[in-house]
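Where a number appears in this text, it was derived from the coordinates with a stated rule and is not lab data. As the structure is a prediction and not an experimental result, all values here were calculated from the model. Every residue, glycine as well, gets a Cβ built from its backbone with ideal geometry; the counts of neighbours run over all protein chains shown.
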Amino acid sequence: MSTSDATARLRLAAHRQPIHTVLVAAVADNDVIGQRGMLPWRLKSEMAHFRRVTMGKPVVMGRKTYISIGRPLAGRTTIVVSRDKMFAAPGVLVAPTIAAALTVARGDALRRGAEEIVVIGGADIYAQTLACADRMVITRVHLQPEGDTTFPAVDPQVWSEVDRSEHPAGPDDQASFTVIAYRRRNGHPGAACVP
């Protein structure tokens, strides 16, 4: 086999490799995910879980979510969706649309050997990617905070719970929480986010 044939086969194999889109969110019992651009709770234990779930993967977020974090996430490629053509931040990739962000994230995942693209918010980004996600990892925070941002409803006709773990409040946590993993029931996203 020639070098060009081998290269073509590698490209084809990489193109066929499934890269899953996973929504990761911390959601209060009343579906609140934010208040004035910030998380309305402090959960140090959950932040450690978030690092484990996202480390080594491309992470897609909206501009407001990035601004609330304030920096690129170490050990992850940070991709920010922004329609603001002037928006730039050191250490992040900026994409004008969800489709563009997921295309960049897929390329990054293939280069890294990662099997997942992680979407971390905010509400508009979750709403735009829910139809094309394969999985969700939702941390249910056992609080009822006031908030101005909520997570879309999880439709039990579409999503099947596949794992659940309870976590008592640690010394630096405001509440206990439950991590719930969901998988799309039919195994295939209902819509394509990437052209």
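Data table
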{"quantity": "Relative contact order (percent, whole number), the chain, Cα cutoff 8 Å, 6+ residue spacing", "calculated": "30"}
{"quantity": "Extreme residue, positive dipole direction of segment 13-184, given options Gly70, Pro171, Met47 (C-beta unit charges)", "calculated": "Gly70"}
{"quantity": "Inter-site label distance for Gln174 and Thr97 at 7 Å from Cα along Cβ, in nm", "calculated": "3.7"}
{"quantity": "Cα gyration tensor shape for segment 146-191, rounded if a/c is under 1.5, else prolate or oblate", "calculated": "oblate"}
{"quantity": "Within the chain, helix-based [θ] at 222 nm, where runs of 4 or more DSSP H residues each add -39,500 (n - 2.57), nearest 500", "calculated": "-8500 deg cm²/dmol"}
{"quantity": "Radius of gyration, Dmax [segment 13-184; alpha carbons; angstrom]", "calculated": "15.5, 48"}
{"quantity": "Simple spin-label estimate for Arg185 and Ile69 in nanometres, 7 Å along Cα-Cβ", "calculated": "3.2"}
{"quantity": "Other-chain or far-sequence residues with amide H under 5 Å of Gln35's (modelled H)", "calculated": "Asp148"}
{"quantity": "Cβ-placed point charges (K, R +1; D, E -1), dipole of the chain about Cα centre in debye, nearest 20", "calculated": "760"}
{"quantity": "Protection proxy ranking of 110-119, 81-90, 35-44 - average other beta-carbon atoms within 10 Å, highest first", "calculated": "110-119, 35-44, 81-90"}
{"quantity": "Spacing of the two label points (7 Å from each Cα toward its C-beta) at Arg42 and Asp155, in nm", "calculated": "3.9"}
{"quantity": "Ascending count of other beta-carbon atoms within 10 Å, so fewest first, for Glu46, Glu161", "calculated": "Glu161, Glu46"}
{"quantity": "Sum of side-chain charges, Met55 neighbourhood, beta-carbon under 12 Å (Lys, Arg +1; Asp, Glu -1)", "calculated": "+4"}
{"quantity": "Karplus 3J(HN,Hα) series, Hz, for segment 155-171 with 6.51 cos²θ - 1.76 cosθ + 1.60 (x for Gly, Pro)", "calculated": "7, x, 6, 9, 10, 10, 6, 10, 7, 8, 9, 8, 10, x, 5, x, x"}
